[in-house]
Amino acid sequence: MKDITGIIQCPVAVDAGDCVTLAHSEGTRATRDLITNRILNRFANPHVTGTPDAACLSLSNNQIAFTTDSFVVSPLFFPGGDIGSLAVYGTVNDLAVAGAVPRWLSLSLIIEEGVPLATLDEILESIVAATDRCNISVVTGDTKVVPRGAADGVFINTTGIGEFLTTPPPGPESIRCGDVLLVSGPIGSHGLAVLAAREELALEPAPRSDSAPLHEVVAELKEQAGESIRAMRDATRGGVSAVLHEWSADCGLTMTLEESAIPVNDEVRGACELLGIDPLHSANEGTMLIAVDPSAEEQTLAALRSVPQTALAAKIGTVQSAGIAAVTIQRLLGSEQPVDEPTGALLPRIC
């Protein structure tokens, strides 16, 4: 019989001080201590009692939105946010722009062996604060620990369930010529904030991520603009350009932008000019695009600006019949130009 004692590695509950160990993921007492004392106690709610394999949930109707996402951002903490709050807001925003009210969240953690428990605690506390802000409950989840080098600190997977209380926007297929394109605030902040933090760029002032939930903004929009809204989308990876190219493909029309109307923070604009980056391609995590019937332009902008988070909302363009490109922009100097669709990652691991 082959001797395999030299290659079997059995995680045992040893005293590793203040760090996560492989034993925390093997169904042992260490696992129970980690889950019960560090995770479950932070997310107490009526749907979580004990440690069942599934949560029992109920809705007032049978129409739900269901989304899932994984977060591998590097670094784990960046100006304006961290992987914990980002995971919550990213999932909440996907539900919100679909027209659903966020209700429940699953939370799965993949933790690299050796991560300080203090770091894990900070991430978990950020998740708690974010779920409280969004009025969404963590009702199930999973925790795994992988060997050193098999991950990069902490990865998070979330699944969100939302409820449709009203008819959702019809989507980009319904966009028509003459419709107005709005943005909820300054663009490009998240991508530049993560880039500056990762590369330790000495930018003054440093860009800050716009990571934030959009559910309250969407609720105000639905109340004030209602059926005038054609489509909504949070402009994450690929930025505003990626969303507009997708919309153009869905409706067969050209999205035309006015550069002078696009809001960009001074620190983001400066960093983009220094690094040769177009803010239209930089990721956002709390900024969305809205396509709306032109008759409701002022009403929709007023609704956005009534919420402090989106007080700088602006009209950035219109929808026109199919032209020279899917997306075009009228630059400050010069003629109308095509806006390229992102063909690769401007910056990997930004969410």
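When the criteria are applied in full, Ala322 meets the requirement of being surrounded by fewer than 20 Cβ atoms within 10 Å (Cβ to Cβ), touching a residue at least 40 places away in the same chain (Cβ under 8 Å) and assigned by TED's automatic domain parsing to the domain that holds His190.
In this entry, Arg237 is excluded by the filter for residues that are among the basic types (Lys, Arg) and touching a Leu at 6+ places or on another chain (Cβ under 7 Å).
Of all positions in the range 95-115, none carries a residue that is out of contact with any strand residue (DSSP E or B) (no Cβ under 8 Å at 6 or more places or on another chain) and not in a strand (DSSP E or B).
Screening Gln299 on (1) part of a helix (DSSP H, G or I); (2) touching a Leu at 6+ places or on another chain (Cβ under 9 Å) shows it passes everything except condition (2).
Here's the yes/no breakdown for (1) assigned to a loop (DSSP other than H, G, I, E, B); (2) under 21 Å from the mean Cα position of the chain (by Cα); (3) among the hydrophobic types (A, V, I, L, M, F, W, C):
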site: Ala202; (1), (2), (3): yes, no, yes
site: Arg208; (1), (2), (3): yes, yes, no
site: Val218; (1), (2), (3): no, yes, yes
site: Glu273; (1), (2), (3): no, no, no
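Here the range 39-64 is the region considered, the condition is being touching a strand residue (DSSP E or B) at 6+ places or on another chain (Cβ under 9 Å) and either within 15 Å of Pro116 (Cα to Cα) or aliphatic (A, V, I, L, M) (or both), and the residue that is modelled with the highest pLDDT is Ile64.
Here's the yes/no breakdown for (1) free of Cβ contacts under 8 Å to residues at least 60 places away in the same chain; (2) closer than 29 Å to Ala96 by Cβ; (3) surrounded by 15 or more Cβ atoms within 10 Å (Cβ to Cβ):
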{"position": "Val115", "(1), (2), (3)": "no, no, yes"}
{"position": "Ile123", "(1), (2), (3)": "yes, yes, yes"}
{"position": "Ser137", "(1), (2), (3)": "no, yes, yes"}
{"position": "Arg148", "(1), (2), (3)": "yes, no, no"}
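The listed residues are Ser189, Ser174, and the only one of them that is among the polar types (S, T, N, Q) and more than 22 Å from Gly99 (Cβ to Cβ) turns out to be Ser189. Among the residues examined, Ala296 does not qualify as at pLDDT 95 or above and under 26 Å from Cys134 (Cα atoms).
Before we move on, is Ile156 touching a Phe, Trp or Tyr at 6+ places or on another chain (Cβ under 9 Å), assigned to a strand (DSSP E or B), buried (at least 24 other Cβ atoms within 10 Å of the Cβ) and among the aliphatic types (A, V, I, L, M)? Yes, satisfied. Applying the condition of being in contact with a strand residue (DSSP E or B) (Cβ under 8 Å, 6 or more places away or on another chain) and not hydrophobic (A, V, I, L, M, F, W, C) to the range 69-83 and asking which residue is nearest to Ala197 (Cα to Cα) yields Ser70.
The values are calculated or read from the model by the stated rules, or taken from the named source; none is laboratory data. Note that the structure is predicted; figures quoted are calculated from it, not measured. Positions of Cβ are generated from backbone atoms using ideal geometry, with glycine treated the same way; all protein chains shown enter the neighbour counts.
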